[in-house]
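Report on the following structure.
Coordinate-derived values only; no laboratory data. This structure is a prediction, so every number in the text was calculated from the model and none was measured. FYI the Cβ positions are ideal-geometry reconstructions off the backbone, even for glycines, and counts take in every protein chain you see.
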Amino acid sequence: MKISTLSKKDVLSLMDLTTEEILSIIELATRLKQEAKNGKSNVLLKGIVLGLIFQKPSTRTRVSFETGMYQLGGSVISLNTNDIQLSRGESLEDTARSLSLYLNCLVTRLYQHEETELIAKYASIPVINGLSNLFHPCQILADLMTIQERKGKLKGLNVSWIGDGNNVCNDLILGSAKAGMNLTIACPPGYRPSKEVLAIANLEGSKSGSKLVVTDEPPVAIANADVVVTDTFISIGNDEERLIRERVFLPKYQINQQLMNLARKDAIFMHCLPAKRGQEVTSDVLDGKASVVWDEAENRLHSQKALLLLLTGAKRGA
Ligand code: CP
Ligand code: NVA
């Protein structure tokens, strides 16, 4: 018998989570991480089946979700869009309806955010966006957890994003505003984040007290930063623009040691990975002492386990 979930809540971007929910996910994830390190297992999702639909490649998202589900006692079915009838023209709506009959939760990695929204609309189970062209909420949950671990707090920190105003940046904007962190973004004109997201974050920021600034000058953005974040200049789906993008972003938006020296002395460096070494970041920074990129990658596992527990209604205590 399929175990039904208590209620359906989708996480397509951090707009879908309140500040309280984000903070409780981080807290639970931190506890799960500690307990896993102490050898305690939490098989709270026994009988729960997670489906994953991937239209684009993934290393961390797919493996961390699969591993997380197994660690929680649940099961996983991973599907490439080419494996299912979607590739032969079955609609997203009918796919969502059918998968909801078997699964308890679904992670999607689709190119278009509108398609992710359509799946969520027609699925009767919780849908998690595992990366679309517009958002990457799971990455920022892991990043917030990593910042909390490294800095002991979120509120009041200065975060600097340098690079493309892309999907990861959009959720960092939302996450920063909700967590009360100040965010300064340096990106070339024409590569700025979503105007809608900026407007929502400004509204959230007026409640949490965080400031949001967009500039095209990396030295301005990085000055006084506690946290420096970047991502590839060429996201999945941008490959045809490779040459144009390399000309627009390089060398000005590359994070190298010279630029990092303008941040606070104890600043940390973050990148969701995969990184293009020598492009958006130099190897000395990525492998340097400020870099926390492997913590970020590890925390994908713990924060997604906490998210799955929240969305599938599983109560802790076992
Ligand atoms: N950071 C991230 O989402 O990595 P993958 O593309 O490997 O899943
Ligand atoms: N911005 C990148 C993130 C990959 C995890 C992309 O969309 O390809």
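For the reader, a short list of remarks on this structure follows.
- Amide H partners (placed H, <5 Å) of Leu52, local residues excluded: Ile77, Ser78, Leu79, Val107
- Each 10 Å bin from 0 upward holds the following percent of the Cα-Cα pairs of the range 1-90: 13, 34, 41, 10, 2.
- For the range 99-194, taking the reciprocal of the average inverse distance between every pair of different Cα atoms yields a Kirkwood hydrodynamic radius of 14.6 Å.
- Using every pair of distinct Cα positions in the range 26-181, the Kirkwood expression returns a hydrodynamic radius of 17.0 angstrom.
- Ordering of 72-85, 174-187 by burial proxy (mean other Cβ atoms within 10 Å per residue, highest first): 174-187, 72-85
- Shown is the FRET efficiency for Glu27 and Lys207, computed with R0 = 35 Å from the Cβ-Cβ distance and rounded to the nearest 0.05: 0.95.
- For Ser283, Ser194, the sequence from fewest to most other C-beta atoms within 10 Å is Ser283, Ser194.
- Protection proxy ranking, peptides 246-252, 57-63, average beta carbon neighbours within 10 Å, highest first: 57-63, 246-252
- Ordering of 89-102, 14-27, 150-163 by burial proxy (mean other Cβ atoms within 10 Å per residue, highest first): 150-163, 14-27, 89-102
- When the listed pairs Lys151/Lys252; Lys9/Lys155; Lys9/Lys153; Lys151/Lys265; Lys40/Lys305 are checked against a 21 Å cut-off, the alpha-carbon distance exceeds it for Lys151/Lys252; Lys9/Lys155; Lys9/Lys153.
- Relative compactness, the chain, computed as alpha-carbon Rg over 2.2 N^0.38 Å: 0.97
- Only DSSP H runs of four or more residues enter the estimate; each adds -39500 (n - 2.57), and after division by the residues of the chain the mean residue ellipticity at 222 nm equals -12500 deg cm²/dmol.
- Calculated translational diffusion coefficient of the range 158-283 (10 °C, 1.306 mPa s; Stokes-Einstein with Kirkwood radius over alpha-carbon pairs) equals 110 µm²/s.
- With all pairs of different C-alpha atoms in the average, the Kirkwood value for the hydrodynamic radius of the range 236-318 is 15.4 Å.
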